[in-house]
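The block underneath contains the structure these notes are about, expressed in structure tokens.
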Amino acid sequence: MSTRANPEDVARLAALSRIQVPVGELEAFAKDFDSIVAYIDQLNGLHTDTGGEPVLPALHNVFREDTNSHVGGEWTEAIASQFPAREGNSLSVKKILTHE
Amino acid sequence: MDKKLNEYTIVEAASALRAGSCTVQELWDVVASVAEEKNAEINAYLEIFPADTDAIAAAQKRIDTEKENAPLLCGIPLAIKDNILIEGHVASAASKMLANHVAVYDATVIQKLKDNGALFVGRTNMDEFAMGSSTEHSAFGTTKNPLDVTRVPGGSSGGSAAAVAAHMAIAALGTDTGGSIRQPAAHCGLVGLKPTYGSVSRYGAISLGSSLDQIGPLTKSVADAKILYDAISGKDEKDATSVGKDLYPQTQSGNTLRIGVPNHLLEEGIDSDVMTAFKETLEKLRGEGHEIVDISLPTSSFALPAYYVIMPAEASTNLSRYDGIRYGLAERGATLLDDYVQSRTEGFGTETKRRILLGTFVLSAGYIDAYYRKAEASRELLRAEYKNAFAVCDVIAFPTTPAPAFRFGDKSDPVSMYLEDVFTVTANLTGMPALSVPMGTVVRDGVTLPVGIHLTAPNGGEEKLFSISERV
């Protein structure tokens, strides 16, 4: 997209992002996108291949003990209270498989 | 000196509480009433909490019994940015998406503050999901700069900064992904610290860019910033990226420090009176025996473009969790896909959508090498350059922002807003600690406005930052 973003590009990215951009706003998004992409395109001028060995961060590969961190059910009510729709302690969602 | 209780620093308030010249209840009442009174105009708080009488009584009892041994934060009313979880309170990240979201647990920093006996005045306004530099992107109205209400307080931690600057809290916590503590600190005349990546647990902070985010203090003095930092830092098993104090060994510095200045970055784009204030500050430090060293950081000019690749990439990934199914805004359509799309379309504001789309773009097949991987590689170069620079200096200095606080609406195109972060993002990309401290004032339209000097130290070098910024 180093050329110019068009409304179709924006609509495609929006669909991938699970967002709807109204048709009337696609142009404005595309225009903003152009100026942002032109700005980040400066990275093309950066030479990153210095031939050096990659440096591992001081902290890496962190694991915790594989143990139960809390008593079963301790957080159930607090978390379930945030559900938009619940049946007992279950989160209620739309049926995605049908027999029709 | 006739300071009102709400105008106290943490150090002054702690001392008054110990001396018995005021009680925890009196301090709370004054701070909370000023917060209520000023919030109609400033909009620093999205919510001011009712007095927690149990916590106030417990803090008073602790001061009475432990006296000098009581924690300095005991009984101190603090403001907390709306993206840090406090159990039982709404944490919305200033988004419609989370307007109904009640935190089910305390962030580690909140638990630590509670252990210290601190009190919480309320949750502060911010740019939605911390995406912005002005609080203009909040879903719940802008916050005004208390020093000039026609201007922004900076952002994204603009509510926290305004609350402290207007003495609606003694101090505050913010979060910093690309400058969101340091830039509002500069615009509101405060001290703001972005700690070393990992030194403060991010557990219970609503994520924006996980490799960049840090929680840190916004305070009226350097001593206060150190008190809050000491209270909230430390390794936390709940955050796998958190580090202990011993991971980055510190070299001892004497009473005088070598201050590196990348003069090649300061030749253009900075207001002339901001540069004058910067040079005067350096002269003052030189006069006190510190050495000023010219350094070179050539990759710095690529830091902001790299940041605006990495941050949206991580943001689009992090924000994919908001799908309208488990918590937060839940719009319902004909299909499950409609549920997702309608919830996200309704819940996110324009800047958030823009960054999600941008993140989706830079991570997509065909572009990931040119943008995301290139930007990640630039971080390695930046770290190497800073490491080399720190061979000849102890801290690196430049102005925090190119100009003082701007007027509402002045930066309506995205790239001009992004340029607010031009000096601050590098510390997030490298992980190094950085602090903004007021370095004087400039005048705009007859109003005197503060500007900040920005100091960076090697990983784990917070003590160096506190020691030099005390001198500014």
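The values are calculated or read from the model by the stated rules, or taken from the named source; none is laboratory data. The structure displayed is predicted, hence computed values, not measured ones. Cβ: placed from backbone, ideal geometry, glycine included. Neighbour counts: every protein chain shown. Quick note on the areas: whole protein, heavy atoms, side chains included, nothing else; ligands and nucleic acids left out. Shrake-Rupley method; radii C 1.70, N 1.55, O 1.52, S 1.80 Å.
When the solvent-accessible surface of protein heavy atoms is calculated with a 1.4 angstrom probe, in what order do B:279, B:387 fall, highest first?
Correct descending sequence by accessible area is B:387, B:279.
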Checklist entry - Is there a simple number for the mean count of other chain Cβ atoms within 10 Å of the Cβ of residues in B:98-106, and what is it? => result 2
Item to check | Cβ-placed point charges (K, R +1; D, E -1), dipole of chain A about Cα centre in debye, nearest 20 | outcome: 300
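Express the carbon and sulfur contribution to the solvent-accessible surface of chain A as a percent, rounded to the nearest whole number, probe 1.4 angstrom.
The computed percentage sits at 53.
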Item to check | Integer Hz, Karplus 6.51/-1.76/1.60 couplings in order for region B:389-401, x for Gly and Pro | outcome: 4, 6, 6, 10, 9, 9, 9, 10, 10, 7, x, 5, 9
Checklist entry - Lys/Arg Cβ at +1, Asp/Glu Cβ at -1, dipole of chain B taken about the Cα centre: which of B:368, B:155, B:124 is farthest positive-ward? => result B:368
Next on the checklist: Can you order the peptides B:272-278, A:71-77, B:50-56 by their average number of other Cβ atoms within 10 Å per residue, highest first?
Outcome noted: B:272-278, B:50-56, A:71-77
Checklist entry - After finding the eigenvalues of the alpha carbon gyration tensor for region B:313-420, what semi-axes result from the square roots of 5 times each, listed largest first in whole Å? => result 36, 21, 13
Checklist entry - Which residues of region B:377-415 show a drop of at least 30 Å² in accessible area when all protein chains are present, compared with their chain alone (probe radius 1.4 Å, heavy atoms only, ligands and nucleic acids excluded)? => result B:380, B:381, B:414, B:415
Checklist outcome for this item: Note to self: with every protein chain in place and a 1.4 Å probe, the protein assembly as shown gives an accessible area per residue in Å² of 42
Next on the checklist: So if each residue of separation counts as 0.36 nm, and I subtract the Cα-Cα distance between residue B:338 and residue B:279, what length gain in nm does that give?
Outcome noted: 15.5 nm
Checklist outcome for this item: As straight-line cross-link partners of residue A:31, the qualifying lysines (C-alpha separation under 19 Å, not fewer than 8 residues apart within one chain) are B:353, B:411
Checklist outcome for this item: Mean per-residue count of partner chain Cβ within 10 Å for B:348-358 equals 5
Item to check | Extension reserve of the residue B:443-residue B:317 stretch, reckoned as 0.36 nm per residue once the Cα distance is removed | outcome: 41.2 nm
Checklist entry - Of all accessible surface on chain B at a 1.4 Å probe, what whole percent is carbon and sulfur? => result 50
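Rounded to the nearest 20 Debye, what is the dipole magnitude of region B:201-299 about its Cα centre when Lys and Arg each give +1 and Asp and Glu each give -1 at the C-beta?
In debye, rounded to 20, region B:201-299 gives about 360.
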Checklist entry - Summed for both chains, how many Å² of accessible area, to the nearest 100, are buried between B and A with a 1.4 Å probe? => result 4200
Item to check | FRET efficiency estimate (nearest 0.05) - Cβ-Cβ, residue A:74 to residue B:271, R0 56 angstrom | outcome: 0.55
Next on the checklist: Give me the dipole magnitude in Debye, nearest 20, for region B:282-401 about the Cα centre, with unit charges on the beta carbon: positive for Lys and Arg, negative for Asp and Glu.
Outcome noted: 260
Item to check | Simple label model, 7 Å out from Cα along Cβ direction - residue B:392 to residue B:37, nm | outcome: 5.4
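Subtract the Cα-Cα distance of residue A:38 and residue A:61 from 0.36 nm times their separation in residues, and report this length gain in nm to one decimal.
Extra length from residue A:38 to residue A:61 when fully extended: 4.6 nm.
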Checklist entry - Relative contact order of region B:332-471: what whole-number percent is it, with Cα pairs under 8 angstrom and at least 6 residues apart? => result 22
Next on the checklist: For a quick check of your reading of the filter: which trypsin sites (Lys or Arg not before Pro) in region B:400-472 sit in a DSSP loop and have no more than 14 other Cβ atoms within 10 Å?
Outcome noted: none
Item to check | Under 5 Å, built H, 5+ apart or other chain: amide partners of residue B:45 | outcome: B:125
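For chain B, what's the relative contact order in percent, using C-alpha pairs closer than 8 Å and at least 6 residues apart? Could you put the intermediate results ahead of the total?
On the way: 1108 pairs, mean separation 79.7, N = 472.
Over chain B, the number comes to 17 percent.
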Item to check | Exercise: per-residue mean of other protein chain Cβ atoms within 10 Å, B:239-246 | outcome: 2
Checklist entry - For chain A, what's the relative contact order in percent, using C-alpha pairs closer than 8 Å and at least 6 residues apart? => result 18
Checklist entry - In region A:62-96, what residues drop by 20 Å² or more in accessible surface going from the chain by itself to the full protein assembly, probe 1.4 Å? => result A:62, A:75, A:78, A:82, A:84, A:91, A:93, A:94, A:96
Checklist entry - Modelled label-to-label distance, residue B:288 and residue B:57, 7 Å Cα→beta-carbon offset: nm? => result 4.6
Next on the checklist: In the protein assembly as shown, if the dipole is taken from +1 on Lys/Arg beta carbons and -1 on Asp/Glu beta carbons about the Cα centre, which of B:417, B:350, B:231 is farthest to the positive end?
Outcome noted: B:231
Checklist entry - Within region A:49-100, which trypsin sites (Lys or Arg not before Pro) sit in a loop by DSSP and count at most 11 neighbouring Cβ atoms inside 10 Å? => result A:64, A:95
Checklist entry - How much of the DSSP beta bridge set in the protein assembly as shown is antiparallel, as a percent to the nearest 5? => result 70
